[in-house]
Structures are given as structure tokens and as C-alpha cells.
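What follows is calculated from the coordinates using simple rules that are stated; it is not laboratory data. Owing to the predicted nature of the structure, the values given are computational and were not obtained by experimental measurement. Positions of Cβ are generated from backbone atoms using ideal geometry, with glycine treated the same way; all protein chains shown enter the neighbour counts.
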Amino acid sequence: METYYSILPLAAVLVSLLAAGLITLSGRRPNIRESWTLLAGVVKFGIVLAMLPSVLQGRFPEITLFAISQGISLVLRADTLGIIFALSASFLWILASCFSIGYERGLSDHKQTRYFSSFAICLSATIGIAFSANLLTFVIFYEILTIATYPLVIHKETKEAIAAGRKYLVYLLTGGVALLAALALTFHTAGGTDFKAGGFLTMEAGTGMLMALFILFLVGFGMKAAVMPLHSWLPSAMAAPTPVSALLHAVAVVKAGVFGFARAFGFVMGPALLGEIGALNITAGLAGATIIIASLLAFSQDNLKKRLAYSTIGHLSYIVLGVAILSPQAWSGGLMHIVNHAAMKITLFFCAGAIYVTTHREKVSELNGIGRRMPFTMGAFALAAIGLAGIPPVGGFVSKWYLALGALDAGQTVYTVILLVSGLLNAGYLLSVVGRAFFMKSDNFTKFGEASLWMLVPLVITAVLSVLLGLFPDRFFHLYSLSAEVARSVFGGGL
Amino acid sequence: MSALPILIILPLLFFAFIAALVGIWHQRLSRYMAVLGVTLALAAAAQGLLTVLTVGEQRYFLGGWPPPFGIEYVLDPLSSFMSLVVLCIGFFVVIYEPGAAFYQAPRKGIPVYPLLMLLLGGLTGVVLTGDLFNLFVFLEIYSLASYTLITLSGKRALVASFRYLILGTIAGGFYLLGVGFIYFATGSLNMADVASILPGICTSPAIMAAVALIVIGLSIKMALFPLHIWLPDAHSYAPPAIAAILASVQIEVAAYALVRMMLDVFQPYYLCNMLSINSVIAWAGAAGILFGSALAIPQRDFKRMLAYSTVGQVGYIALGIGLASPLGLIGALLHILNHAFMKSCLFLVAGGIRYQTGLREIPWFAGLGRRMPLTMAAFVVAALSMIGIPPTAGFFSKWYLILGSVDSGNWVFVTVILVSSLLNAVYFFGVIERVYAKPPAGYPEEVKAKDPPISVLAPILVLAAGVLGLGLINVVIVTRVLELVVASLY
């Protein structure tokens, strides 16, 4: 692994932190305030993009900040895995911010300053998580993310939102505590916490300790990654405004959880080690069960956002499955799904938000015929739905393909079957919404048209992106190469 | 021999008298005298720490009498660290607006600031002295000052203070008895001297009794579970500034005394008699952590919640001390520093809220986040630190404590520390939720609320910034100061 000193990783983290301050100060001038958000988003994405060329060449920008504990420093490093996450999060933030502007103004929502500045801090933490080079730095940003997202979850300040906030904290802080224990044990066992492709722990630590570490990582990351049975905060968190659900609960927070799994399984413990102690099978089993159960539960949800929440839970476990199968292809598939699912799911949430702002409808059963009044919105919904079901040419097919291949490769055909079945279930609970929207008649929506451009344009962009990611998986930011490279390094022994 | 140690204590005592005299003539000026005195002492303490880190230990013999005959004041890494903590917090409390500090501006004729100076002087004296009996003298000085200062809040405070007085005097009495036994057995009252004499008389039953008495006496003073019962009332009824000093500094000075006695004076003795007082203290600490954190949850009164929280935090310090490992002690000492900043910030916030709105109970704090944004922002930072969210200071002291427990293989302690973080989150987020997410109930006090004036807000904000800053620079503190301390004690 070749690294070179660069201030860019730090800049990427600090941009939105600075913006958060400026947003708080511009509370009285909404237009200036919103422009800080947009500016920060563009700059952040630009900085991350600027680091892509050297990462592709295998040279990683790194900056060591200062010692934060005895023997451990705060180190930010843009490596292959990190840049996948950072690119998707920062790009989608720009779109989510545009959407937020339309959403918040469309609803004349309260406390918008708190909303936008919390969002900015969350993105800082997310990029910090993506670029953490050791486990302590990771845990620090992980916990900051939990706290920074709380104001967004309780934003509406209704009883439901406050209860959702409490549940959110209980689950995620418990996960954080488990993670802290894992961190302490890792440091105690290995004397260091730097991420290393292929893992830095060995069988020397003893099966007991390794199992304990595995369970702690499973709980710690499983909370954010909504692996069942640690998932129930996610549907409740749908009480948050839709852009929050879109970015944070489809792209940033939950992806931080699966990203954590990737780091723990690939850069702390190593797939071979985990396979030896039987941890991979446990994880894959939980992920597989989550996929099926979540897909089934999605059918029974009439509230659109809750349905999307269960869909998210299922798809997150695709990624967890990807890193729990002993095959580089499965890893590739899982990591690509981080981006594919993000694009598709955010589209769906954007659509739900556009529908809510325009018509104030939240339930699937109320959406009959809305396709005629909001064709672009529901068209985008349909594209994303097709992708999530795993039908080409939308992106979801590509990642699923590699996941399925990987499962076959590793001799675990049951997961291939699970993936196929889940695809059918996805088609069922998502395309039924599309069907309702376009093919059922109702007079409810004659007064309405499409949502404002602030909301419409982002969702069209993400839908198109989902399709493009399926048609040209490597054209956009070399997503495929990056994922394959991570898989190679995790299995092949070091970058 | 250097005069630096006594130069830290002298301004406090000297200006206590000046403030008293000036106060008779002009009440307001006594506060300015107090500020002057604390500033001088703080400057001396800072200089003391620098000198110790660069040059080495500094000793001062009172009256020129060399030990073991005379009284000695010692500036070593531990005591210079502690004295700086005490005086930092003391400084912020002294510059805090009197109306908010004491619920009302001190009435004419009540020497509030002189007593405060005596309190700080006594605390600093305990920290800096190298003589066992002299420690008792300063212990009593600050205790008497604190009993008096607590009563400024009215009737209930009077009862609470009386209870504290009884228990505190018992504690002091135990300590004195223990010192007496030591004196009879060793013939010396000087700490370093006693430490060298003790190995020779290991098995003496007088010494065993002395150890027990001193540890119990100091544990009462420290409010270590289950000897904490005086604390909740005393701290909830005391005026906010006094509660700040009591919770954040006095408790820790008692912990310092325990560290000094157990690890410095008795250490050689322990080694040859293998008493397991360490584990008793650690387990009492663990129990205290859970007990304090759990009992803080149902409290409606804000300061009472903070008081129970203090019982829990003392448990962390005791756990660190009792772990008897370098990492554990580093965690305990770092927590002493961090807790001093966090807890005093929280109590000063309580004072600010009371001053601005008259509100005391958490259910009535609804909507204050909007009305008092800066105050509540400081509260959030301090609360996150108490819960242990990085990068605030509280995370790092817990981190070292966890590392120390893992090192000792004590998984129960690890679990206790982690679970207590969650318990702390429950009651602090309860307040955060109330303050930010609940609409104001419409009470006139809430509607009129706004951020308190700068004389109240400044100490609060600086302390909150300190909580964040101490977290980020914790390694500097650990490597430059605390490791020296640990090296000198182990």
C-alpha cells in the first residue's frame, strides 16, 4: 500500500463542518443559508473526486492529524473502499440538498436551520467514517454520526418522531457501546488498530477472543446496518422528514453500518480468519434471513416509507451477505451494491417525498392513479423498482449478479436462491405500487401536478444514474474496478 | 527548597482575609479581591506545573523546619496537576455572576467570597501538603467553609448541610484517628517519612487499623458508594456555584487524598502485606457507577439529577484507582480533570437557567433550546461528554478506564463502564429531548427566557469549550503529565 501526504481527506471532512457553522449563522437569510449547503456539497464532491485518480493507481492520500490516544493517532486515508463510500455519499448529498430545499420550502417546515446544519455535520461524519484509517478514528466518527443524526430524526417533534428518536438512540448507542468494547479488545489483542487489507488479527488471539470480537462487531455494526433482529429502529425512523430518510437511512447512516462490516471483515479480521472460526456462516445466515423476512414484511406495509424501510433492511443485508461469503466476487457485488442500492433507494424516497409534499398522501393504498398526474415521479419510481428487483439493465442487476456468482463460487447456493427469491419479492412489493399508480383509476389527484423542480430534477437524475450504473458499471467513477480491487486486496493479501 | 508550593496556597488564604475586611466596608469589592486572589494562585499553580515538568519536584518547609519535624509542602506531578484543576474551576466559579452563583446577590454582612476563598484554600492545601496532620487541618478548613456555604440557599439547605456536617466530621475524625495510629506506630507525620518507615513494621495491627480508618474516612469525603448518602441532598440544595465546586473539585480532592494515601504512603506497606483494599475500592466504585447513574434517571430536579450523576462519576474514579494498573490510574486522573470541567459546566448551566428563568425542574425546561441557545449548546457538549461521545473529553477517560480493565482481564468492569454510558445517555437525553423537542408549555418564565448575560454565560462557554478541547488534546495531558504521575507512584 502506497500512501502519500495530502490534506484532501481532511478537507473533505471539514468542508461541511465549516458549512454547518455558516448555516447556523445565516439562519435568518434562507437563501444564503441554502447556498452554503449546496456550495459545500459541490466542493466536497469535488475534493473526493480529485482523489480518485491516485486511488485508482493504488496511491492513497493520507493525513495523520494528531495523537488521540496512547499509540493511536487520528488518521484519514482515502483508500479504495473508502472512496467508494465517499463518492456515493458526497454526490448524493448534493442531490439530497436540492431535494431538501424543495421539500422544506414546500412544507414551510420549522427549524430549517437546525435541519440543514445537522445534515452538514452528518455528512462530515460520514466522510470521516469513509476515510478513517484505523478503528479508533472510525469509532469516533461513527459515534458523532449517531449523535448528529438525532436532531434530524426528531425534526418533526411529533410524539411519533420523539419516540422514534428514543428508539434510534437506544439501538445505535448500544451498538456504539459494543463497538467500543470491540475496539478496546482489538487494541488489547493486537496492540494497534490500523486497517490493513486482509485483516491484521490472526489465530494467535485465540478462538474465544476472536469469537467475542466477532459478536461485538456484529452487534456494533449490525445496529446501523439493520441486520435482524437489530433492525426495528429503521422503520420507526421513517418519522423523520423524507430527505432525511432518503440520504441518511438509505445512503449514509445505514451504509456506514455495512461499510463497518466491510472494514471489520476485510480490514480487521480477514475473511479467511472469520471463515475458520465459523463467523462467516453465522453472518451469512443472519443476512439471508434478514433479506427474506424483510422482503416479506415489506408487503404488509401500507405506509409507503415504511415499505421502503423494510426494503432497505433487506438490501442492506445483500451487502452484508456479500462480505460474509468467502469469495471475491461476492465482495465485489456487495460493494457495488453500496452505490447501486443508494442510487435506487434514494430515488424511491425522493418520489415518496415528492408525493407527500404535493398531495400529502403517505399510504400506498391512496396512490391509485397518481401516475397520470406525476408521470416523471412515478416513472423514476418504476425504474428504481425494476433495479431493486434485479432486472437488467438497471444497476441492481449488476451487483446482484456478482453476489449470486460469488455465492455459487463459494458453494453456498442457498444464498443464490435467496437472492433470486428476494428479487421476486422486491418486484412484488415495489412494482405493485407502480401498477397502482399507472393502471388504476381514481379521481383523487386531478388537482395535482408534478412536484417542484427542486424535487423533481434530483429524482430524475438519480433514476437515470441507476440505469447508467447498470449499463456502464465501470464508466462512472470506475465503480466496478474499485470494488474488484478491494475484493482482490482483501483476499489476495494486502494492497 | 522552593517557595512555589506555598505561593499557591498563600494568596487564597491571604485574600480570604482581605476580602473579609473589604467586604465589611463594601460588599461588591470583596468579590474583586477574591478574583484577584484566585488569579494569583492560578498563575502560581500554572508556574508550578511547568516547573515540575521541566525541573522536578519542588518542596517547601514551613518555617524552615526540615522534615520530619516540620511541615512540608510538595509540588510533584500529581499535586501540581491537581492544584491546577482545583484553581481552574475555582477561577471560573469566582468570576461567575454572584446573583446566579448564589441564587441571590449575597446579603450585606455575609462573607460569601471570603468563605469561598477559604474553601479553595483548604482544597489546595490538602493537595499540596506533605504532612499527614496538616492534611487534616486543611481538610477541616475546606469542610467548614463548605458547610457554611451550602446553607446560603435556605431552610432545606440548612438540613442538608447539617447532615453533611455530621458525616463529614465523622469522616474527618476517622482520618484523624488513623493518622494518630500511624503517628504512634511510626513516630512521624511526614508522608514521605512514613512511607519509608512502614515496610519495617508491616504487620503492626495499629497500621492495619490506620489504613482502614483512613480509607473509610476519605471514602466518605469522596462520596464513594455506599458512603455517599450525604451527597445528593448537599449538592442539590447548595447554591449552583458551590455545588459546582463541591461536585467537581472537592470530591476529586478527596479522591486525590485517597490516591496519595494508598499509592504513595501505604504502597510499600501494601506490597508486603498484600491487603486487597484496591479491589474493594474498585468494586465499590463499580457499584457506585451503576447506582448513581440509575438513580439519576427518575430525578425531576435538575441539580439533584446532577448530584446522583456525580455519585456515578466518583465510581469511575474509584474504579480507576482500584484497578491498580497504570492505565487505570491514568483513566482515573484524566477523569478527575474531565469531570471537573464537565460537572462544573453543568452546574453553572443550572445556575444560569435558575437565574434567567427561575426554573429548577426538568419537566419545565421545555423549549429552552430555542430561547437559550448558547447555554443549551454548552449543556449539550457537557452532556455528550458525560455520556462518553467522542471527541469530547469524557470519551477518553472512559477509554483509558476500559483499556485498564481489559488489561486486568476484568470483564465485569468493562461491562459496567459500557452499560453506565447507556444509563447516562438515558437521563441526559431526557433533558435534551425536553429542551429541544418539546414545545414550551407557555409558562411566563419560559416565554421570557433568553440567554443569560455574559457574566453568567462566559464561564459556561469557556468550560464547555474546555470539555471539547481537553478531549482533543488528551494525549498531551496523558503523556506529559499523567505518565509522570504514574511513574512516580508505581
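By counting other Cβ atoms within 10 Å of each Cβ, how are B:Asp193, A:Asp474 ranked from fewest to most?
Lowest count first: A:Asp474, B:Asp193.
Taking the beta-carbon count within 10 Å as an exposure proxy, list A:Phe131, B:Phe15 from fewest neighbours to most.
Numbers: A:Phe131 30, B:Phe15 26.
Listing A:Phe131, B:Phe15 from fewest to most nearby Cβ atoms yields B:Phe15, A:Phe131.
Could you tell me how many degrees, from 0 to 90 and to the nearest 10, lie between the Cα long axis of helix B:411-437 and the main elongation axis, the longest principal axis, of the Cα atoms of chain B?
For helix B:411-437, the angle is close to 20 degrees.
Tilt of helix A:453-471 relative to the longest C-alpha principal axis of chain A, in degrees (0 to 90, nearest 10)?
50 degrees
Hey, got the average number of other protein chain Cβ atoms within 10 angstrom for residues in A:275-284? Numbers along the way, then the final one.
Details: counts 0, 0, 0, 0, 0, 0, 0, 0, 0, 0.
What the average comes to for A:275-284 is 0.
Cut-off is 10 Å between beta-carbons; in what order do B:Phe138, A:Phe217, A:Phe476 appear when sorted fewest neighbours first?
In increasing order of surrounding Cβ atoms, one gets A:Phe476, B:Phe138, A:Phe217.
For helix A:395-409, report the angle its Cα long axis makes with the longest principal axis of the Cα atoms of chain A; keep it between 0 and 90° and round to the nearest 10°.
Long axis of A:395-409 versus the principal axis of chain A: about 40 degrees.
Kindly state, to the nearest 0.05, the FRET efficiency for A:Ala272 paired with B:Leu29, given R0 = 56 Å and r defined as their beta-carbon distance. Please list the in-between numbers first.
On the way: r = 75 Å, r/R0 = 1.34.
Step by step, r from the Cβ atoms, then E = 0.15.
Which lysines have a Cα lying under 30 Å from the Cα of A:Lys44, excluding residues fewer than 8 positions away in the same chain?
Correct list for A:Lys44: A:Lys111, A:Lys156, A:Lys196, A:Lys224, A:Lys255, A:Lys305, A:Lys345, A:Lys400.
Under 8 Å for C-alpha pairs, at least 6 residues apart: give me the relative contact order for the range A:2-492, rounded to a whole percent.
It rounds to 15 percent for the range A:2-492.
Give me the net charge of B:Leu334's neighbourhood, meaning all other residues with Cβ under 14 Å from the Cβ of B:Leu334; Lys, Arg count +1, Asp, Glu -1.
0
Assigning unit charges at the beta carbon (Lys, Arg +1; Asp, Glu -1) and nothing else, what dipole magnitude in debye, to the nearest 20, does the range B:276-490 show about its Cα centre? Show your work: numbers first, answer last.
Numbers: 14 positive and 8 negative charges, 110 e Å.
It comes to approximately 520 debye.
Over the alpha-carbon set of the range A:2-492, work out the extent along each principal axis and list the three values in angstrom, largest first.
Over the range A:2-492, Cα extents along the principal axes are 69, 53, 43 Å.
Suppose each label sits 7 Å from its Cα in the direction of the beta carbon; what would the A:Leu107-B:Trp65 distance come out to in nanometres?
7.6 nm
Give a quick list of trypsin sites (Lys or Arg not before Pro) in the range A:393-495 that DSSP marks as loop, anything other than H, G, I, E or B, with at most 11 other Cβ atoms within 10 Å.
Here the trypsin sites (Lys or Arg not before Pro) that fit, given the DSSP loop and packing criteria, are A:Lys441, A:Lys447, A:Arg475.
Need the C-alpha centroid separation for the range A:448-493 versus the range B:177-211, integer Å.
75 Å
Give me the Kirkwood hydrodynamic radius of the range B:276-490 in Å, from all C-alpha pairs, to one decimal place?
On the way: mean 1/r = 0.0572 Å⁻¹.
17.5 Å is the Kirkwood radius here.
Beyond 41 Å, what share of the Cα-Cα pairs of the protein assembly as shown is found? Please give it as a whole percent.
Details: 207091 of 484620 pairs.
Summing the P(r) tail past 41 Å for the protein assembly as shown gives 43 percent.
Where a ≥ b ≥ c are the square roots of the eigenvalues of the C-alpha gyration tensor, would you call the range B:252-391 rounded, which needs a/c under 1.5, or, failing that, prolate if a/b is larger than b/c, or oblate?
Cα axes put the range B:252-391 in the prolate bin.
As a check on your grasp of the helix formula, calculate [θ] at 222 nm for chain B: sum -39500 (n - 2.57) over DSSP H runs of n ≥ 4, divide by the residue count, round to the nearest 500.
Working: 24 runs with 364 residues, N = 490.
So the calculated ellipticity at 222 nm is -24500 deg cm²/dmol.
Out of the DSSP beta bridges found with both residues in the range A:2-492, what percent are antiparallel (nearest 5)?
Numbers: 8 of 12 bridges.
Of all bridge pairs located within the range A:2-492, approximately 65 percent are antiparallel.
Restricting to Cα atoms and excluding each atom paired with itself, what does the Kirkwood estimate give for the range A:153-308 in Å?
One over the average 1/r among Cα pairs gives 16.5 Å for the range A:153-308.
State, as an integer percentage, the relative contact order of chain B based on alpha-carbon contacts under 8 Å between residues 6 or more apart.
Once normalised by length, the contact order is 14 percent.
Can you give the convex hull volume per residue for the Cα atoms of chain B, as a whole number of Å³?
122 Å³
Using a 10 Å cut-off on Cβ to Cβ distances, tally the other chain neighbours for every residue of B:417-424 and report the average as a whole number.
3
Counting only Cα, what are the radius of gyration and maximum Cα-Cα distance Dmax of the range A:70-204, in Å?
Taking only Cα atoms of the range A:70-204, I get Rg and Dmax of 17.6, 59 Å.
Per residue of B:395-402, how many C-beta atoms from partner chains lie within 10 Å of its own C-beta, taken as a mean?
4
Taking the Cβ of A:His341 as the center, what net charge do the other residues with Cβ under 14 Å away carry, scoring Lys and Arg +1 and Asp and Glu -1? Please list the in-between numbers first.
Working: positive: A:Lys255, A:Lys345, A:Lys400; negative: none.
Once all neighbours under 14 Å are counted, the net charge is +3.
Using the Cα centre as the reference, give the magnitude of the dipole from point charges on the C-beta atoms of the protein assembly as shown (Lys, Arg: +1; Asp, Glu: -1; all else neutral), rounded to the nearest 20 debye.
2920 debye
Once you have all Cα-Cα distances for the range B:340-387, histogram them in 5 Å bins from zero and send the whole-percent values.
For the range B:340-387, the binned pair fractions read 5, 22, 33, 27, 12, 2 percent.
The range B:93-189: which trypsin sites (Lys or Arg not before Pro) are DSSP loop and have at most 12 other beta-carbon atoms within 10 angstrom?
Taking the range B:93-189 and a limit of 12 other Cβ atoms within 10 Å, the loop trypsin sites (Lys or Arg not before Pro) found are B:Arg107, B:Lys108.
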